[in-house]
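Q: Dropping the structure in here first, questions after.
No lab work stands behind these numbers, since they all come straight from the coordinates. Computed from a predicted model, the values in this text were never measured in an experiment. Heads up, the Cβs are rebuilt from the backbone with ideal geometry, glycines too, and the neighbour counts pull from every protein chain shown.
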Ligand code: AMP
Ligand code: GLY
């Protein structure tokens, strides 16, 4: 099989790495790819928004199918375009991608289909939102969310009216996230334990991925602003059997049935961001793609053939695929540039990647790097994801941090507590 991946992050590096472990895969092409994929994939520089060029490349190279990593091309309709050109593609159409690209759509959809989520109001103008925040009836903390895509940074958990008013100003007046701030949501703040539940679906069959948990805040103990994700772990006890059944019946199946009933059937990877509250499961958000860095712990735990999984999804025969997951745990620690999620410096030389990878149970996935000859330099906010797998969570954590300790670049920051929540009893 020959496969084309769209994207350039740690998630896409992990997909390329996993595909190359399949005996059926002869070549992986990545548009545009990144500095870490050399040897795994042929990187082709092209604009990921130029769907015509991508379709031409896919046809010329006779790829078996296209995997779309990030949300932006999905929201812009890459799947509609490629499928219309007769190219098999893994991902939802533009209409189905609204579950992620519009938080207002997602909240209204959940209300229509009785899917549990926090109470909310949506606003089209800053004045009305601010008036609501100043009302004596409004209780804090609450959560302010930009409607559109904001790379995980458009959500503010506000402890006071001052913080919430500032979030509205940044989203709607300063337009920090551009058009994503045309509308916003103000929702009730939920307390509980977060979990990501990710499934593969061809629209008929649902195949759950290994459960994973993200660490979104920049600092240890979930302090500081949210990022795209500073690390993840995957282990079998994140969602127990009963909880998993509840997520399937109250969240995942209603989404699949509801989207079909509304004329936008969902096919691809569906990611439910959940809060396990005292009152039961609540949905925080949907993503319509693999998580990043969730992918960096999920695919290393997949023992069966990923290329075959993706092919059977694209061909709507996922029911025939038998997934086998490795028991135990995986941990991914993200190494980021000083300043992230705000402005950060680039161009710092990275050392120690090869030494870190001497452990056969560790892998270093590149998120924002560039390569000059043999040297690798920082080129993004999230720079590397260091993953390790082992028989249990404590051992996987130890292994991942042992690999992290081998790597260095100027201004390198990372969380010291990735996976620690999983060791606590809750
Ligand atoms: P989202 O992109 O909607 O998942 O939000 C990003 C992060 O903000 C989540 O992972 C949570 O940590 C936090 N968050 C979002 N919505 C809520 C909520 N209603 N209550 C508490 N925390 C939230
Ligand atoms: N790690 C969260 C996300 O991919 O949206």
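Q: How compact is region 249-298 by the rule of thumb for globular proteins, expressed as Cα Rg over 2.2 N^0.38 Å?
A: Details: Rg = 12.3 Å, N = 50, 2.2 N^0.38 = 9.7 Å.
Working it through for region 249-298, the quotient is 1.27.
Q: Across the Cα atoms of region 215-314, what radius of gyration and what greatest pairwise Cα-Cα distance (Dmax) are found, in Å?
A: 15.3, 43
Q: Now for a different question. What does the highest-first list of 349-360, 171-182, 328-339 look like by mean Cβ count within 10 Å?
A: Output ranking for 349-360, 171-182, 328-339: 328-339, 171-182, 349-360.
Q: Taking every eigenvalue of the Cα gyration tensor of region 25-175, multiplying by 5 and rooting it, what semi-axes result, largest first, whole Å?
A: 40, 17, 13
Q: A follow-up question, please. I need the peptides 388-399, 290-301, 224-235 ranked by packing, meaning the mean over residues of other C-beta atoms within 10 angstrom, with the highest value on top.
A: The densest-packed peptide leads the list: 290-301, 224-235, 388-399.
Q: Another one. With just the Cα atoms defining each centre, how far is region 216-272 from region 374-412? Give it in Å.
A: About 25 Å separates the Cα centre of region 216-272 from the one of region 374-412.
Q: Given that compact globular proteins tend to follow 2.2 N^0.38 Å, what is the ratio of the alpha-carbon Rg of the chain to that value?
A: This ratio for the chain stands at 0.94.
Q: For region 268-426, what is the largest minus smallest coordinate of the Cα atoms on each principal axis, given in angstrom and ordered from greatest to least?
A: So the three principal-axis extents are 46, 40, 32 Å.
Q: Taking springs between alpha-carbon atoms closer than 10 angstrom, which of 191, 361, 267 fluctuates most in the Gaussian network model of the chain?
A: Taking springs between Cα atoms under 10 Å, the residue moving most is 191.
Q: Here's something else I'd like to know. For region 25-95, what does the relative contact order come out to in percent, with C-alpha contacts under 8 Å and a separation of six or more?
A: Values: 87 pairs, mean separation 17.2, N = 71.
The normalised contact order for region 25-95 reaches 24 percent.
Q: Using only the alpha-carbon atoms of region 148-274 as identical scatterers, what base-10 log of I(q)/I(0) does the Debye formula give at q = 0.12 Å⁻¹?
A: Calculated log10 I(q)/I(0) at the listed q: -0.61.
Q: Can you tell me how region 173-234 classifies by the Cα gyration tensor, rounded, prolate or oblate, using a/c under 1.5 as the rounded cut?
A: Verdict is oblate for region 173-234.
Q: Starting from the Cα-Cα distance between residue 60 and residue 223, subtract it from 0.36 nm times their residue separation and give me the gain in nm to one decimal. Numbers along the way, then the final one.
A: Numbers: separation 163, 0.36 × 163 = 58.68 nm, distance 4.83 nm.
Full extension from residue 60 to residue 223 adds 53.8 nm.
Q: Turning to a different aspect of this structure: Per 0.36 nm of contour for each residue apart, how much would the distance between residue 355 and residue 371 grow if the chain were fully extended, relative to their Cα-Cα spacing?
A: Details: separation 16, 0.36 × 16 = 5.76 nm, distance 1.73 nm.
Residue separation times 0.36 nm, minus the Cα-Cα distance, leaves 4.0 nm.
Q: How much length is gained if the chain between residue 179 and residue 250 is pulled fully straight, taking 0.36 nm per residue apart and subtracting their Cα-Cα distance, in nm to one decimal?
A: Working: separation 71, 0.36 × 71 = 25.56 nm, distance 3.19 nm.
Value of the extension gain: 22.4 nm.
Q: Still on this structure, I have one more. Hey, can you rank 67-73, 123-129 by average C-beta count inside 10 Å, highest first?
A: In descending order of packing, they fall as 67-73, 123-129.
Q: In percent, what relative contact order does the chain have, based on Cα pairs under 8 Å that are 6 or more apart in sequence?
A: The value is 16 percent.
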